[in-house]
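Colleague: Can you keep this structure in mind? I'll have questions shortly.
The values are calculated or read from the model by the stated rules, or taken from the named source; none is laboratory data. Predicted model only: the values in this text are computed from it and were never measured. Note that we place each Cβ from the backbone using ideal geometry, even for glycine, and neighbour counts take in every protein chain shown.
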Amino acid sequence: MSPPAALPRSTPRPLGSLPRVALALAMAGATGCAGDAPQPDPGPRPDFQPTTTVEELMRAVIDPAADAVWDAVVITSTRDGIDREVPDSDDDWLALEHHAVRLLESGNLLQIEGRPIAAADSVSELPGIDLEPADIAVRVAAQYDAWLRSSRELHDAGVVVLEAARARSVDALLESGDRLDAACESCHSRFWYPPDAAETAAGTNGATTP
């Protein structure tokens, strides 16, 4: 039995003579084998500069905005019946929208690391009801995850206020005010008040300071 005839060898073709499709596939395979191209350097992370203290942020932004929301609807019982003071113009509602924006963005500002609770010489204006700033700072450092949650609760409450103002709904505004009050008191109870001062603080109409 004679051995099988040798198969004819094909003559190598220069790369330039390959069909264009085959050439494109060959180049794609070579690129894949070389690995993914390096991603561009995203650059440095944002360098936030928390210039103001939490106390200053509360007094300048959060407290005035929250008070405006809570005071937007006033219901008074008189001899002649129930007197209701509510937002009744576009300017009134627009002002509430602006206060809501301040509240929700303050929730973000409170999450920036490195913001001090208060100035070094600051002291509690309600001793026995509010902790001293140094004691508050210790609590915040020990429960920083809870601090971030409380800050997000303020943000979320501000969003609800904004939705109520944009809807021009007095009922929704009242509900959002309750949501805002719960967010504020939850944070104060966790970080501001001494353990035995919660009931006493409830009689101060929220006039708390860091």
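Colleague: Taking the stated definitions as given, is TYR144 aromatic (Phe, Trp, Tyr), over 20 Å from ARG59 (Cα atoms) and at pLDDT 95 or above? Even if it seems obvious, please write down each step before you answer.
Modeller: Values: aromatic (Phe, Trp, Tyr): yes; over 20 Å from ARG59 (Cα atoms): yes; at pLDDT 95 or above: yes.
Taking the combined requirement at face value, the residue satisfies it.
Colleague: Oh, and also: Out of all the residues in the range 107-120, is one or more among the small types (Gly, Ala, Ser), surrounded by fewer than 18 Cβ atoms within 10 Å (Cβ to Cβ), closer than 18 Å to THR52 by Cα and within 22 Å of the chain's Cα centre (by Cα)? I'd like the intermediate steps shown before the answer.
Modeller: Just the residues of the range 107-120 that are among the small types (Gly, Ala, Ser), to begin with: 107, 114, 118-120.
From what's left, surrounded by fewer than 18 Cβ atoms within 10 Å (Cβ to Cβ): 114, 119-120.
Going one step further and asking which of them are closer than 18 Å to THR52 by Cα, we end up with 114, 119-120.
Within this subset, residues satisfying the condition of being within 22 Å of the chain's Cα centre (by Cα) are 114.
Yes.
Colleague: If you check ALA137 against the conditions, is it within 17 Å of ALA60 (Cα to Cα), modelled with pLDDT of 95 or more and among the small types (Gly, Ala, Ser)? Spell out how you get there, then give the answer.
Modeller: Numbers: within 17 Å of ALA60 (Cα to Cα): no; modelled with pLDDT of 95 or more: yes; among the small types (Gly, Ala, Ser): yes.
It is false that ALA137 is within 17 Å of ALA60 (Cα to Cα), modelled with pLDDT of 95 or more and among the small types (Gly, Ala, Ser).
Colleague: Quick check on ALA37: is it modelled with pLDDT of 70 or more and at negative phi? Walk me through it before giving the result.
Modeller: Values: modelled with pLDDT of 70 or more: no; at negative phi: yes.
No, not satisfied.
Colleague: A follow-up question, please. I'd like to check which helices (runs of 4 or more DSSP H) are fully inside the range 36-125 and have at least 1 residues that are in contact with a Pro (Cβ under 7 Å, 6 or more places away or on another chain).
Modeller: On the way: elements: 54-57, 63-70, 90-109.
Once the helices (runs of 4 or more DSSP H) in the range 36-125 are filtered for at least 1 residues that are in contact with a Pro (Cβ under 7 Å, 6 or more places away or on another chain), what remains is 54-57, 90-109.
A quick yes/no check of all residues on (1) surrounded by 18 or more Cβ atoms within 10 Å (Cβ to Cβ); (2) polar (S, T, N, Q); (3) more than 20 Å from SER186 (Cα to Cα):
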residue	(1), (2), (3)
THR51	no, yes, yes
ALA95	no, no, yes
HIS98	no, no, yes
LEU104	yes, no, no
VAL123	no, no, yes
PRO127	no, no, no
VAL160	yes, no, no
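Colleague: Starting from the range 108-123, keep only residues that are under 12 Å from GLU56 (Cβ atoms) and among the small types (Gly, Ala, Ser), then list their pairs with residues that are modelled with pLDDT under 95 and in a loop (DSSP other than H, G, I, E, B) whose Cβ atoms are within a distance under 9 Å, requiring at least 6 positions of separation or different chains.
Modeller: Within 9 Å, the pairs are ALA118/THR209; ALA118/PRO210; SER122/THR209; SER122/PRO210.
Colleague: Here's something else I'd like to know. Please verify whether the range 82-91 includes one or more residues that are over 30 Å from TRP147 (Cβ atoms), among the β-branched types (Val, Ile, Thr) and surrounded by 15 or more Cβ atoms within 10 Å (Cβ to Cβ).
Modeller: Narrowing the range 82-91 to residues over 30 Å from TRP147 (Cβ atoms): 82-91.
Then drop every residue that is not among the β-branched types (Val, Ile, Thr), which leaves 82, 86.
Keeping just the survivors that are surrounded by 15 or more Cβ atoms within 10 Å (Cβ to Cβ) gives none.
So far as the range 82-91 goes, no, none of its residues is over 30 Å from TRP147 (Cβ atoms), among the β-branched types (Val, Ile, Thr) and surrounded by 15 or more Cβ atoms within 10 Å (Cβ to Cβ).
Colleague: Right, another one. Return the only residue of SER186, SER124, SER106 being farther than 30 Å from ASP90 by Cβ and out of contact with any strand residue (DSSP E or B) (no Cβ under 7 Å at 6 or more places or on another chain).
Modeller: Numbers: SER124 fails: out of contact with any strand residue (DSSP E or B) (no Cβ under 7 Å at 6 or more places or on another chain); SER106 fails: farther than 30 Å from ASP90 by Cβ.
Checking each option against the conditions leaves just SER186.
Colleague: Regarding the range 132-152, can at least one residue be identified that is within 18 Å of SER189 (Cα to Cα), loosely packed, with under 14 Cβ neighbours inside 10 Å and touching a residue at least 60 places away in the same chain (Cβ under 8 Å)?
Modeller: no
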